[in-house]
Each structure stands twice: as C-alpha cells, then as structure tokens.
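Engineer: Below you'll find the structure I mean.
The values are calculated or read from the model by the stated rules, or taken from the named source; none is laboratory data. Here the structure is a predicted model, which is why all the values come from computation and not from measurement. Methodologically, a virtual Cβ is constructed for each residue, glycine included, from the backbone with ideal geometry; neighbour enumeration extends over all protein chains shown. The area values use the complete protein model at the heavy-atom level, side chains included, leaving out ligands, DNA and RNA. Shrake-Rupley method; radii C 1.70, N 1.55, O 1.52, S 1.80 Å.
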Amino acid sequence: MMHDFYQTGWWAVIWSIIKILIVVVPLLLGVAYLTLAERKVIGYMQVRLGPNRVGFRGSLQPIADALKLMFKEVIIPSSANRFLFLAAPVLAFVPALLVWAAVPFGPDVAISNMNAGLLYVLAIAGLGVYGIIVAGWASNSKYAFLGAMRAAAQLVAYEIAMGFALVGVLMLAQTLNLSKIVEAQAGGGFWSWYWLPLFPFFLVYFISGVAETNRAPFDVAEGESEIVAGFHVEYSGMAFALFFLAEYANMIFVSLLTTVLFLGGWYAPINTPLLTWIPGLVWLLLKTAFLLYVFLWIRATFPRYRYDQIMRLGWKVFIPVTIAWIVVVGIALETPMRAILR
Amino acid sequence: MIITTVLFYLFSAILLGSATAVITARNPVYASLFLVLAFFNAAALFILLGAEFLGLILILVYVGAVMVLFLFVVMMLDINLTRLKEGFLSYLPLGLAIAILGVLELAVVFWTSPLGHIPAPGPIPANADNTRALGVLLYTHYLYPFEIAAVILLVAIIAAIALTLRRRQGTKTQSIDAQMAVRAKDRISLVNLRGPEQ
C-alpha cells in the first residue's frame, strides 16, 4: 500500500514539481548568464570589453537587465489583437520549457524518462513557432508580419532536415529513448559517439538547430537591418523578455540535445580512469557549453544569409544530403559494418 | 484510476469545445488556432490511451507542420466576412442534409458491424513500446499497403508541383550553379597602380 501511495498519491505530484524546479531554475539562470556570455564573447571577438559596469566585470549585468525589463511597461498597440498579442510570448516560452521534460541529465535521470523521448522533443520543439507567427499577426504591423512569415517558412523547411537527421540516430540506436541513445554510444570514448558515423547528420542537425532557434546567420525573422526587429518589433518589457528567454532556452536545448544525440551525452571523451572519474553531468554540461560557444562564434563570424539562400540550403541541400546518408547508413547496417556501428 | 478519467473528460471537453469553435469563430485566424488546440487535445487523448506514438505524430505532423502552413496562408488572406456570409441560408438546407446523412451512415455502421462491439483492450504492460510494435507491424504484415500509400502520396506531391510549376520567361532568378562556379579571378583583376620607379 505504501508503494502505491508513493506512486500515485499527492507525493507523486509534489515530487514531479520538485524535479521540474530542479531543472527549470538552473535553466533560467543559465539563460540569464548565456546573455552575458554572448555579449562578452562577441565583445572580445570584436576587440571590445562587453558589459563591465554592473558587478565585478559585468557579472551582475543579467540581473540588471531582468530588473529593467520587469519594470518597463508592456505597451499594447492600439490596433493590435489584444488577446493574441499577449498570448504570443507565452506560446513561444511554454514549448521552450516543455521540451526539457524529456532531456536526460544522466543514466535514467530526467523529469520523465519516456520511451518516445526523441519524438516528444521533436514534436514540442516545433510548437515554438506559433508564438512567433501569432506575435507577427497580432501586432498588426508590416514588419512584424514579414518576420512571422519568414519564421514560419524557415521552421517548416528546417524541421524536415532535422527530422531526417534524427532518423539516422534512430537507426543506429534502435530506440527513441534519449537516455538509451546515450548509452548506445558508450564504449570507446569519442570514437564510439555518433558524430563519426553520422557526421553529415551531426552537421545538418546543428545547423538546422541554429536555423530553428532563429539565430544568426539565419535570423531573418528578426533581420534588424531590413525589418527593424521582425516579429517582436511591437513588444516591450516582460512580453519582449519572454521571447528572448525562449530563444536562449532553445539554444541551450539544441546544444544539449546535439550533445545527447551525437557527442555521447555524459560519457568522457577518452576512457581513462582520470577522465571517467569526473561526474557525467559535468561532461554533459561541458559539451553543451562548447556547442553554445559555437552558437556565439557563428554569430560573431558570419553575415546574415539572404532569405532565398536559407530556403535553398534547407530544401535543396540539407534534405537531399540527409536522405542520401539515411540510405548509406541503412546499407551499412546490412553489411558486416553493423558490428562496428551498433 | 480517477485521475485519468478526470483528464479524459477534461481533454474531451476542450477538444469538442475547440472543434465547435473552429466552425463558429468569425475570424479565420482564430478558427485555425482553435483547430491547433483541438489537435493538441486529440493527441493528449491518444497519449492517455497509451498510444504515445500516434499522439506525438499528430502533434509533429499536424500541429508542427500542417497548421503552420495553414496559418501562413490564412493570415495572408484578406477575408471579407460579409461576402462569406452571403448565401448562408440558401446553402443551409443542403449542408444540414449532408450532415444528417453522414451521422446516419456512421450510426448504421456502428450498430450493424462488429466495429461498435470491440472489447475493451486489456491492461497495457508497463513498458510496452508501441512505436516499435507499430513499426514492426507496418513493415511486415502491412508492408504493401503502407508502401503503396507512400507512393500514392509521392505521386500527389509530384502532381501538385507539376500542375503549379510555371517557368516564366524573363525573370531575374539567379542561377545558383553559375554563382557557385564563380572564382575570384573572374570578378577581380588586380592592377598594379604604382607609377614609374622614383
């Protein structure tokens, strides 16, 4: 009876809430400090100092930004659709948090270690675009609307390539469970991670991740040099901040998922006692941090893609490449190479 | 399980409510957003039944892709509501007749065929993987119907593209191949501007 109580009673609800808080609070802190890291990293890359006024070398800048945004007025344009205008930031932010339910932080350590985890994250990650589309339409502004249209077309294009890239992972791991996908990459250090046999998928997935999060060089939905600020041009205060929280949470999520799918999750890169002694969570976060750095590095390096070039890259380059590599992996799995790949 | 029963009625109520709102909402954007909500709750019902694959695919395909394109189109339409409402009454009898016919046919099917008398499925084993089960079934027992359906869809895609593809003359579309083939020496010639030695 005691067992039943723990499984189904109020305790299960409370325990779920505790687990959610354990994930979400560090996530939001991570988002706050990712904004600082971005400004610092890009600052140094452009031979500037970046923010250095608030706290020690600008270390309290995110807190100052958050306070400022909280106390600013949320202005609702007079001809905007009031309900959808206010609902849009929530629609963008909620999926960005929902995806974390399936993310594994260690062997079987997740809010919900679900069987169809890979499918779940792919399905939920695609919902964030509603926030952007609805924001663009409800603002009743040309710039916002153009941004929303661009975001919608871009998301649909890259989601297909992303899905195909995940099919490759699925073929090797033979499971949709994210935790088991990482465990399938255990063994010989970084040579047994999936980035090697699935190298085209690794690249396509990460680049599609950059495109799906609307980050430079694929940030035409914002495109400040052409359409002011795109979909969030009419937003201010906390409503504006929610879009940014969602974008940065999605960045962390894409980096973490790339780590889980292609870079061996919580496994050490080389199987020596010294490295395997370091806890898996540290490895997971280190790899995620590296990919986040790549996000910022890309932004500081490349000019924005032209819109038709983005569409061409998504439809005419990534999708054929992924389909071809699915065939390659499929054939390889029917040959003696199967023993090496699996 | 009282919680799942409560959730079932909650999701069903929202599903029916939003489905009704899809056809009653005046604003087409609201209508398509209500359709998204309806899909979402249908997916929740699937997951409640233990069919997580169907539920997630419903969200992935319909909510994540199809409805995004729907919204994309609907938002760009400039719909005149008064013109849409013209002839509402004259079409009403025909519409009602078709609706009643549909309901009657469904009722007949459910009453007479074994479809209405399928026994409730037994309890689902704790870690049943219905994605794998569905995949095995689709690619073994139902391989031919599955592949034929896929080919029919492919034909439909190609047909839609072939019907709408117009190659207009005189457009200034860039030729990507020509752009990629360009080398620096084709575009830049470095000229030594230094004058005679001083």
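Engineer: Scan the helices (runs of 4 or more DSSP H) fully inside segment A:179-293 and keep the ones with 3 or more residues being of a type in the set (Phe, Trp, Tyr) and over 21 Å from residue A:98 (Cβ atoms).
Structural biologist: The qualifying helices (runs of 4 or more DSSP H) are A:199-212.
Engineer: Spot the failing condition for residue B:43; the list is (1) within 12 Å of chain A (Cβ to nearest Cβ); (2) open to solvent by 70 Å² or more (accessible area, probe 1.4 Å), and only one is missed.
Structural biologist: Of (1) within 12 Å of chain A (Cβ to nearest Cβ); (2) open to solvent by 70 Å² or more (accessible area, probe 1.4 Å), only one is false for residue B:43: (2).
Engineer: From (1) open to solvent by less than 50 Å² (accessible area, probe 1.4 Å); (2) out of contact with any Gly (no Cβ under 6 Å at 6 or more places or on another chain), pick out the condition that doesn't hold for residue A:63.
Structural biologist: Condition (1) is where residue A:63 drops out.
Engineer: Looking at segment A:322-337, I want the residues that are outside any loop (DSSP other than H, G, I, E, B) and have a partner that is open to solvent by 80 Å² or more (accessible area, probe 1.4 Å) with Cβ atoms under 8 Å, at least 6 apart or on another chain. Which pairs are those?
Structural biologist: Note: pairs meeting the criteria are A:332/A:338.
Engineer: Give me the pairs: first residue in segment B:62-73 and in contact (Cβ under 8 Å) with a residue 12 or more places away in the chain and assigned to a helix (DSSP H, G or I), second residue open to solvent by less than 50 Å² (accessible area, probe 1.4 Å) and not aromatic (Phe, Trp, Tyr), beta-carbon distance under 6 Å, and six or more apart or on different chains, which are they?
Structural biologist: Sorted first by the residue in segment B:62-73, then by its partner, the pairs are B:63/B:36; B:67/B:36; B:70/B:32; B:71/A:133; B:71/B:32.
Engineer: Something else about it: Based on what the data block shows, is residue A:172 over 21 Å from the mean Cα position of the chain (by Cα), under 18 Å from residue A:330 (Cα atoms) and open to solvent by less than 20 Å² (accessible area, probe 1.4 Å)?
Structural biologist: The answer is yes for residue A:172.
Engineer: I want to confirm something. Restricting to segment B:114-133 and keeping residues that are touching a Leu at 6+ places or on another chain (Cβ under 9 Å) and at pLDDT 75 or above, which single residue is most open to solvent (accessible area, probe 1.4 Å)?
Structural biologist: The selected residue is B:132.
Engineer: Within 12 Å of chain B (Cβ to nearest Cβ) and either open to solvent by 20 Å² or more (accessible area, probe 1.4 Å) or modelled with pLDDT of 85 or more (or both), is that true of residue A:126?
Structural biologist: Answer is no for this residue.
Engineer: Say we look at segment A:101-111 and pick out the residues that are within 18 Å of the chain's Cα centre (by Cα) and open to solvent by 10 Å² or more (accessible area, probe 1.4 Å); which of these is nearest to the other protein chains (Cβ to nearest Cβ)?
Structural biologist: A:101
Engineer: Report yes if some residue within segment A:214-234 is among the aromatic types (Phe, Trp, Tyr), farther than 28 Å from residue A:115 by Cβ and open to solvent by less than 30 Å² (accessible area, probe 1.4 Å); otherwise report no.
Structural biologist: Taking every residue of segment A:214-234 in turn, at least one turns out to be among the aromatic types (Phe, Trp, Tyr), farther than 28 Å from residue A:115 by Cβ and open to solvent by less than 30 Å² (accessible area, probe 1.4 Å).
Engineer: Given the conditions (1) farther than 29 Å from residue A:182 by Cβ; (2) open to solvent by 30 Å² or more (accessible area, probe 1.4 Å); (3) within 14 Å of chain B (Cβ to nearest Cβ), report the number of the one that residue A:323 does not fulfil.
Structural biologist: Single failed check for residue A:323: (1).
Engineer: Step by step: first the residues of segment A:139-161, then only those that are within 9 Å of chain B (Cβ to nearest Cβ) and closer than 21 Å to residue A:226 by Cα, then the one that is surrounded by the most Cβ atoms within 10 Å (Cβ to Cβ). Which residue is that?
Structural biologist: Of everything passing the filter in segment A:139-161, A:148 is surrounded by the most Cβ atoms within 10 Å (Cβ to Cβ).
Results for (1) surrounded by fewer than 20 Cβ atoms within 10 Å (Cβ to Cβ); (2) more than 14 Å from every other protein chain (Cβ to nearest Cβ); (3) under 22 Å from residue A:157 (Cβ atoms); (4) among the polar types (S, T, N, Q), shown as yes or no for each residue.
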| position | (1), (2), (3), (4) |
| --- | --- |
| B:17 | yes, yes, no, no |
| B:36 | no, no, yes, no |
| B:58 | no, no, yes, no |
| B:65 | yes, no, yes, no |
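Engineer: Out of the helices (runs of 4 or more DSSP H) lying entirely within segment A:82-138, which hold 3 or more residues that are over 22 Å from residue A:231 (Cα atoms)?
Structural biologist: A:117-125
Engineer: With (1) open to solvent by 20 Å² or more (accessible area, probe 1.4 Å); (2) of a type outside the set (Val, Ile, Thr); (3) within 11 Å of chain B (Cβ to nearest Cβ); (4) under 18 Å from residue A:330 (Cβ atoms) as the list, and residue A:164 as the residue in question, which single condition is left unmet?
Structural biologist: (3)
Engineer: Let me ask something else about it. Name the one entry in B:155, B:108, B:136, B:103 that is open to solvent by 60 Å² or more (accessible area, probe 1.4 Å), at pLDDT 80 or above, within 14 Å of chain A (Cβ to nearest Cβ) and assigned to a helix (DSSP H, G or I).
Structural biologist: Step by step, each of B:155, B:108, B:136, B:103 is checked, and only B:136 is open to solvent by 60 Å² or more (accessible area, probe 1.4 Å), at pLDDT 80 or above, within 14 Å of chain A (Cβ to nearest Cβ) and assigned to a helix (DSSP H, G or I).
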